[in-house]
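A.B. asks: Structure below; questions to follow.
Coordinate-derived values only; no laboratory data. What you see is a predicted model; the values in this text were computed from it and never measured. Every residue, glycine among them, receives a Cβ derived from its backbone with ideal geometry; neighbour counts consider all protein chains shown.
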Amino acid sequence: MRATDIIIKKRGFFVTQPDGEKILTGSQPNTKEEIEFMVEGCVNKTIPDYQLSAWLMAIFFNGMTFEETGYLTNAMLHSGDVINFHKDNKNPDIFYVDKHSTGGVGDKISLPLAAIVSACGLRDPMMSGRALGHTGGTLDKLESIEGYRTDLSEEKFMQMVNENGYSMIGQTEHIAPADKILYALRDVTGTVESIPLITASILSKKVAEGSDGLVFDVKFGSGAFMKSKADACLLATSLVQTAKTMGKKAVALITSMETPLGLKTGNFLEIEESIECLEGKGPADVMNVTYALAAEMLYMAGLAENLEAAEKKCIEAVESGKALEKFYENVEAQGGNKEKLISQLGKRRSPFKTVLKAKQSGYIKIDAYKTGVAGVNLGVGRNKTTDKVCFDAGIIFNKTEGCFVNKDEIIMEIYGKDNDCLGKALEQLEDAVSYSENEIKVEPIIFKKITSEE
C-alpha cells in the first residue's frame, strides 16, 4: 500500500471538456484499511508531512462519506489510549454521557451542566480544552479556582467519575495523538474548515474519554466556528451520524452565538456565573441551553421517561441545592478549596478596570466575535497555545442584546491583565456594540435539534 495511491484515489483526476475546460472528477472513498494506513503512518512518522498534507487537502475539497469519517475517527481514536469505564465495572449497565460544545464567547455551559446531571444520577466523563483565539476554554476557567487540577491520571479520572458522578480534565498525551499531529498540519495548510476533519477531531477525543452517548451543542453566528445556521446543521449532522456509525448514541442542538452568552465573560468571572446558575440565579440564556442539553443527557441515559420529565429533574436538582453541592464536591476532589472560592465570589477582580458607556441612546446589539477578540487582548484568552491567560480579566455586561440604553449609560465593566491593554480592548468593544432606534428582535437561542434518525 502506498500513500501516493491513497492520495490520488481521494483527489480524483482532471478530465478535459470539449470546450477545453479541465474538471477535477473521479474522487473515490478511501477504504478502512487505507485510512488506517495513513493514520498509522502519521503517528509512526513513516508518512511525511507533505503527503499527509496532500491527503488532507484532497479530503478538504472532496469530502468524506459518513462511513469514511467513521473509519477516520476510529483510526484516530485507536492511535492512543481509549478509556473503558465498563471494564471490570460492577454495574455494566451504567450509561456514560458527555456533552461537547463547538465553543464561543461566554460559553460556560459545561460547568453548571456537569454538576446538574451528576446530581440527577448521571455519570459524565468530561474532557475539555483551553482557550484559543476568540473562544474561551473550560480548563482555563476551572484552573482559575486556586488549587484546582485538570491534569489527573486516567485512573484517577475514572475513579472520580464513578464515585463523584463527574470529573473534568484535559486531553492527555496518550489520548488521540494522531489528532494532535493532523490538527497542527490542518492549521498551517488551510484545511481546518472541513466538516469530516472537524468531526473526526472532535469525536476521536470524545469517544476516547469513555462516553457511551454524546450530546452536542453546535453553535452558529459571529462568535462561532460555523457562521451560518446551514453550516452548523451540516456539522451537527456529521457529528451525530458519524457517532452512530461508531455505535454511539448522539443528538445535537443548534444554538446561537451571535452575541455573548450570559452576563460575564472571563475565567474566574465565568466560574462565578456558573455558581450563580447553580444557585438558581443564572441568566435566562445560559439556563435555557443548560437545561435543554442536560435533559437530552438524562433522557439518553434512560434516567427519565421523556425530555419534559428530564428537565424537571434538572430544575429540582438546582432548586434543592444538590447540584451546587456536586459542584463544590468536585472542586474539593480536584484540589480546590471550597471555602476560599466562596470567599472570593463577587470580590475577585483585576485591579485594571475601565467601563464602556453608550455612545448614544437606542437598542443595542453586541457582536460575539468582536467581544471575544477584545477578551483576548484583555488576557481572557490566547492567540497561541503558549500564551498565558489572566484569570481575573474579563467583562461584566450591565446591558445585553436587545436592551434599550441611554447615552453615557454603562454597558460593560471591563477588567484587563494590565493597564496598557485596556485602551485597545475598549476600542474593540465600542466597535462590537451597534445601536438602533427601533426595537431589536432577539431570536430564540436554540434553533434546531438534529437526531440520528434525520
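A.B. asks: What Kirkwood hydrodynamic radius do you get for segment 102-151 when you take the inverse of the mean 1/r over all pairs of distinct Cα atoms, in Å?
C.D. replies: Working: mean 1/r = 0.0844 Å⁻¹.
After inverting the mean inverse Cα-Cα distance, the result is 11.8 Å.
A.B. asks: Give the value in nm², to one decimal: projected area of the alpha carbon convex hull of the chain, averaged over all directions. Can you show the working numbers first?
C.D. replies: Numbers: hull surface 97.6 nm².
Averaging across all directions leaves 24.4 nm² for the Cα convex hull.
A.B. asks: If one puts a single equal scatterer on every Cα of segment 125-205 and applies the Debye formula without solvent, what log₁₀ I(q)/I(0) results at q = 0.13, 0.15 Å⁻¹?
C.D. replies: -0.49, -0.64
A.B. asks: Could you sort the peptides 310-319, 73-82 by per-residue average Cβ neighbour count (10 Å cutoff), highest mean leading? Mind dumping the intermediate values first?
C.D. replies: Details: 310-319: 19.3, 73-82: 21.7.
Ranking the peptides 310-319, 73-82 by packing returns 73-82, 310-319.
A.B. asks: Compute the acute angle (0 to 90°) between the alpha-carbon long axis of helix 177-189 and the principal axis of greatest extent of the alpha-carbon atoms of the chain; round to the nearest 10°.
C.D. replies: The angle comes out at about 90 degrees.
A.B. asks: Which number gives the lysine pairs in segment 170-312 that have C-alpha atoms under 18 Å apart and are eight or more places apart or on different chains?
C.D. replies: So the count works out to 13.
A.B. asks: Tell me the mean residue ellipticity at 222 nm calculated for the chain from its helices only (DSSP H runs of n ≥ 4, each -39500 (n - 2.57), averaged over every residue, nearest 500).
C.D. replies: Details: 17 runs with 204 residues, N = 454.
Calculated mean residue ellipticity at 222 nm is -14000 deg cm²/dmol.
A.B. asks: About the Cα centre of segment 22-111, how large is the charge dipole given +1 on each Lys and Arg Cβ and -1 on each Asp and Glu Cβ? Please answer in debye to the nearest 20.
C.D. replies: Details: 7 positive and 12 negative charges, 48 e Å.
Taking the Cα centre of segment 22-111 as origin, the dipole is about 240 debye.
A.B. asks: Please work out how much length the chain gains when fully extended from ASP5 to LYS32, using 0.36 nm per residue of separation minus the C-alpha to C-alpha distance, in nm with one decimal.
C.D. replies: Working: separation 27, 0.36 × 27 = 9.72 nm, distance 1.45 nm.
So the extension gain works out to 8.3 nm.
A.B. asks: Full extension from PHE13 to ASN383: what is 0.36 nm times the residue separation minus their Cα-Cα distance, to one decimal in nm?
C.D. replies: Between PHE13 and ASN383, full extension yields an extra 129.4 nm.
A.B. asks: If packing is taken as the average count of other Cβ atoms within 10 Å, what order do 256-266, 147-157 fall into, highest mean first?
C.D. replies: 256-266, 147-157
A.B. asks: If you don't mind, there's one more thing I want to ask. Straight-line reach only, C-alpha to C-alpha below 20 angstrom: list the aspartates and glutamates that LYS357 could link to, leaving out same-chain residues fewer than 8 apart.
C.D. replies: Correct list for LYS357: ASP367, GLU401, ASP408, GLU409, GLU413, ASP420, GLU427, GLU430, ASP431, GLU437, GLU439.
A.B. asks: Kindly provide log₁₀ I(q)/I(0) values, in the same order as q = 0.12, 0.17, 0.18, 0.28 Å⁻¹, from the Debye equation applied to equal alpha-carbon scatterers of segment 32-86.
C.D. replies: Computed log10 I(q)/I(0) values: -0.30, -0.58, -0.64, -1.21.
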